[in-house]
Each structure stands twice: as structure tokens, then as C-alpha cells.
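Peer 1: Dropping the structure in here first, questions after.
Read the figures in this text as sums done on the coordinates, not as results from a lab. In this text the structure is predicted, and so the values were computed from the model without any measurement. Note that each Cβ is placed from the backbone with ideal geometry, even for glycine, and that neighbours are counted across all protein chains shown.
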Amino acid sequence: MAGKTSKNRASRDKASKGGSALTHIDASGEARMVDVSAKQATERTAVAEGRVVMTKATLDLIVSGNAKKGDVLGAARIAGIMAAKRTSELIPLCHPLALSKVSLDITPENKLPGCIVRATVKVTGPTGVEMEALTAVSVACLTIYDMIKAVERGVRIEGIHLVEKIGGKSGHYRAEP
């Protein structure tokens, strides 16, 4: 137990000295919400993406609009937008943000087969919107699963990741293709 305590203390010490610190952990190792009050409000955008992989027959059902529960892609799009707006209620320590844009593009892809889900979220504020974009994609993918699970239980949600981040102090990030 002593080894674990000293390891935790070393991690806290590194974090408090500003190295590659975890910003949601204070100097004593406790969770905290980051104070962004001194940060300048700038335009920030994040794009996230994920995939829902299924059989060709299930994808055809979605595309034809004949899924038993209704418009799968429309419901997933709305669910993703709603989730982005509520990210601070779902993810501990996220700041509530007045989002200026949330869009979800869901593209049926025969090569998977399945759907590619992409969210773009924008805000003008002191903190980024990566979590909002990732939450939008996650919930949209889960909604697709929920609406087709009666037809195919083996559907897979894969590859949810941040594609791009623009704005803020850390600048521009683009994931490797």
C-alpha cells in the first residue's frame, strides 16, 4: 500500500508542476472543474466520427426507411444533437456551453456495411467542444443500435474518435488518416 501511495503522490506532484498534467486533478489529487474564467473567448470547433457496422440486409432496411421503429437516421441525428447540448450533464467536470452549431452527418456506407456518423460542434467561448462532438457521435451511434437491435443484435459501434479540433490555446489538431 505504501508503494501505491507514493506513486499517487508522485503523479500529483508532476501534475501540480504543470508537466503533462491532468487538468481535472488538483494538487492534492482531488477531482476539480477547471477554472476557465481567465481564458479568452474564441471560436472553437470540433469534429468527431464513429461507425456502426452491421449486415448489408440491416443497412438496406435503414436506407429504405422500413425499420420497424421508424426513421433510424433521423432519430439518430436528433439524439446526437440533443446529447451534444447536454454533455455537461453526462460527463463529470465538463463545462456547460452555449453551443452555436451542432450538426450530425450520417452516411450509409455499403463497403462497411454500416453507417459513418460525423458530428461538428462549434462554440465561441473559453473552452473547447471536443467532448460535445464525441458525445454527439456516441449517442447517435447508440440510437442507431437501439433502433435496429431487434433485427440484428451483432451490430458493432467502432472507431469513435476526434477527427479535428480548431481554435483555443492549443491550436489546430487533425487526426492522422
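Peer 1: Go through K111/K165; K122/K149; K56/K149; K85/K111; K68/K149 and tell me which ones have a Cα-Cα distance over 22 Å in this structure.
Peer 2: K111/K165; K122/K149; K85/K111
Peer 1: Taking θ as phi - 60°, what are the ³J(HN,Hα) couplings along the stretch 142-157 by the Karplus curve (6.51, -1.76, 1.60), each to the nearest whole Hz, with x for Gly and Pro?
Peer 2: 4, 5, 4, 4, 4, 6, 10, 4, 5, 8, 8, 7, x, 4, 10, 9
Peer 1: Oh, and also: From the phi of every residue in the stretch 114-124, what ³J(HN,Hα) in whole Hz does the Karplus formula 6.51 cos²θ - 1.76 cosθ + 1.60 yield, where θ is phi - 60° and glycine or proline is x?
Peer 2: Taking θ as phi minus 60°, the curve returns x, 10, 9, 10, 10, 10, 10, 10, 10, 8, 10 Hz for the stretch 114-124.
Peer 1: Would you mind calculating the gained length between K68 and T107 on full extension (0.36 nm times residue separation, minus the Cα-Cα distance), in nm to one decimal?
Peer 2: 12.0 nm
Peer 1: Picking from D71, D146, D26, which is most flexible by a Gaussian network model of the chain using Cα springs under 10 Å?
Peer 2: For the chain, modelled as a Gaussian network with Cα springs under 10 Å, the answer is D26.
Peer 1: At 222 nm, what value in deg cm²/dmol follows for the chain if DSSP H runs of at least 4 each add -39500 (n - 2.57) and the sum is divided by all its residues, to the nearest 500?
Peer 2: -10500 deg cm²/dmol
Peer 1: Something else now. Quick check for me: using +1 on Lys/Arg Cβ and -1 on Asp/Glu Cβ, what's the dipole size of the stretch 53-120 about its Cα centre, in debye to the nearest 20?
Peer 2: The dipole of the stretch 53-120 has a size of about 40 debye.
Peer 1: Shifting gears a bit: Taking the Cα centre of the stretch 56-177 as the origin, how large is its charge dipole in debye, to the nearest 20, when only Lys and Arg (+1) and Asp and Glu (-1) carry charge on their Cβ atoms?
Peer 2: Result for the stretch 56-177 is approximately 100 debye, rounded to the nearest 20.
Peer 1: Ok, one more. Just to be sure I understand: with springs between alpha-carbon atoms less than 10 Å apart, which residue in R156, R118, R77 has the highest mean-square fluctuation in the Gaussian network model of the chain?
Peer 2: With Cα springs under 10 Å in the chain, the top fluctuation among R156, R118, R77 is at R156.
Peer 1: List residues of the stretch 111-131, by number, whose backbone nitrogen lies under 20 Å from a label position 7 Å along Cα→C-beta of H161.
Peer 2: 111-121, 129-131
Peer 1: Separation of the stretch 78-135 and the stretch 35-65 by C-alpha centroid, Å?
Peer 2: 6 Å
Peer 1: Return, for the Cα atoms of the chain, the radius of gyration and Dmax in Å, separated by a comma.
Peer 2: 19.4, 61
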